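The values are calculated or read from the model by the stated rules, or taken from the named source; none is laboratory data. For clarity, every value in this text was computed on a predicted model and none was experimentally measured. Cβ placement follows ideal geometry from the backbone for every residue including glycine, while neighbour counts extend to all protein chains displayed.
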Amino acid sequence: MALFGAETQARVLDRIVAVVEDDVILERELNTEVEAITAKLKSGNVMIPPDFVLRKQVLERMVVDKLQRQLAARSGIQVSDEMLRNSVGEIAARNGMSVETFRRELEKQGMDYKSFEDNIRNEIVINQLRGREIGSRVKVTDAEVAHYMETQSQAGQSNAQYRLGHILIAVSEAASASAIQKAKEKADQVVADLRGGADFKQTAISVSNDDNALKGGDLGWRGMGQIPTLFADTVTGMKQGDISDPIRSPSGFHIIKMLEMEGAGQHIVTKTKVRHILIKTNELVDDAEAQKRLQALRERIKDGDDFAALARAHSDDKGSAINGGSLDWVSPGALVPPFEEAMHKLGINEISQPVQTQFGWHMIQVLGREDQDNSDQFKKDRVREEIRKRKIEEETELWLRRLRDEAYVEIDLDRL
């Protein structure tokens, strides 16, 4: 009887709660995800919404996630074991641990390491899919950067940073007028509740159709260029704690809360004046031979030969060779990591041992270093990146909504 009872329970837990195209989501999968989200909300001291509301939100996120993975599979996107190992290694390093220590720490916290790896693999797949479907199409022109900086400067907000909360009451692209009106009434009621003292995080978890709903709608810190264009005018007129009126977009009605706001200071970078000699490897020149040639050149320089003359005569980097190997003044991040790491270790006028990069073998000499106020270029680069992120975010929201609307999805509400 005990065995029969266990089998019956297993069948119950394996019931289908949603059909997503040609795949399914099982009740036990939903239960597992709900448990994980509940634990996360509890650890963040966020009030947990009613079970039905939470399960519906989690299931909707699982549906959209599965649709993206299905599209990635059809598109041939795959994650190699090496790519997965590198990603896990980076995460462990950011936490100041080796991979093995990180693994033990996860298991100590009750997390299954295989499930953690599966989640990371899934994130990589979806990021690659979004990069191909959306990111590759998004361009930012110099004119857009200049226009934004001019507008920002006129508004006196060049250094402003905002932390926003976001709630979306979704409307499908093919929605009827009555459905749109119903969504508008719901959004108006949500705004009234929030202005009346309702908790924003709790409300976002309960009613928002946005991808950040289970994070309490927190969009994090953003510069003005990173804020969706749709919200920009509204945000500039808000004070901390303000709740916006519903903002209409093709995705539905958006509600914004100004959680925090602050300014920013100047940006100082250490630039390095550097030159090098490159020996590329090929069928005739292997790694050992390339290093041997550079060591010979290094000895000649130590004996008094001119670095610039030897670079012009021997360097395979023809672009810099005509300038005596000079790369001029370079900013942090401008060069490939192995070159930059070796360069940073050198004193002024010191010449490196041979250094390998993907381009071949280099001999490097640092000629000078100086701190520079890079604020103008930094602002331009930051604005360009913020505009790009804003565009990607806007395109992603529409793309996900379209992906969901056009898919065959059947949900068994009785299982919620």
Legend entry - Odd one out for ARG312, checked against (1) touching a helix residue (DSSP H, G or I) at 6+ places or on another chain (Cβ under 6 Å); (2) under 30 Å from HIS254 (Cβ atoms); (3) of a type in the set (Lys, Arg): (2)
Inset, instruction - Report yes if LYS379 is touching a His at 6+ places or on another chain (Cβ under 9 Å), part of a helix (DSSP H, G or I), farther than 30 Å from VAL53 by Cα and not aromatic (Phe, Trp, Tyr), otherwise no. - result: yes
Inset, instruction - Kindly check whether there is at least one residue in the stretch 261-274 that is buried (at least 17 other Cβ atoms within 10 Å of the Cβ), farther than 26 Å from VAL171 by Cβ and modelled with pLDDT of 95 or more. - result: yes
Legend entry - Every residue from the stretch 39-62 that is of a type outside the set (Gly, Ala, Ser), assigned to a helix (DSSP H, G or I) and over 24 Å from VAL19 (Cα atoms): LYS40, LEU41, LYS42
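Yes/no per residue for (1) assigned by TED's automatic domain parsing to the domain that holds SER249; (2) modelled with pLDDT of 90 or more; (3) charged (D, E, K, R):
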site: MET111; (1), (2), (3): no, no, no
site: LEU129; (1), (2), (3): no, yes, no
site: TYR148; (1), (2), (3): no, no, no
site: SER153; (1), (2), (3): no, no, no
site: GLU173; (1), (2), (3): yes, no, yes
Inset, instruction - Please state which one of GLU370, GLU406, GLU350 is among the acidic types (Asp, Glu), modelled with pLDDT of 90 or more, surrounded by fewer than 15 Cβ atoms within 10 Å (Cβ to Cβ) and more than 30 Å from MET62 (Cα to Cα). - result: GLU350
Inset, instruction - All but one of (1) farther than 30 Å from ARG28 by Cβ; (2) of a type in the set (D, E, K, R); (3) touching a Ser or Thr at 6+ places or on another chain (Cβ under 6 Å); (4) in a helix (DSSP H, G or I) hold for ARG401, so report the exception by its number. - result: (1)
Legend entry - Selected residue (criterion: farthest from LYS302 (Cα to Cα)) from residues of the stretch 333-355 that are in a loop (DSSP other than H, G, I, E, B) and touching a Ser or Thr at 6+ places or on another chain (Cβ under 7 Å): VAL336
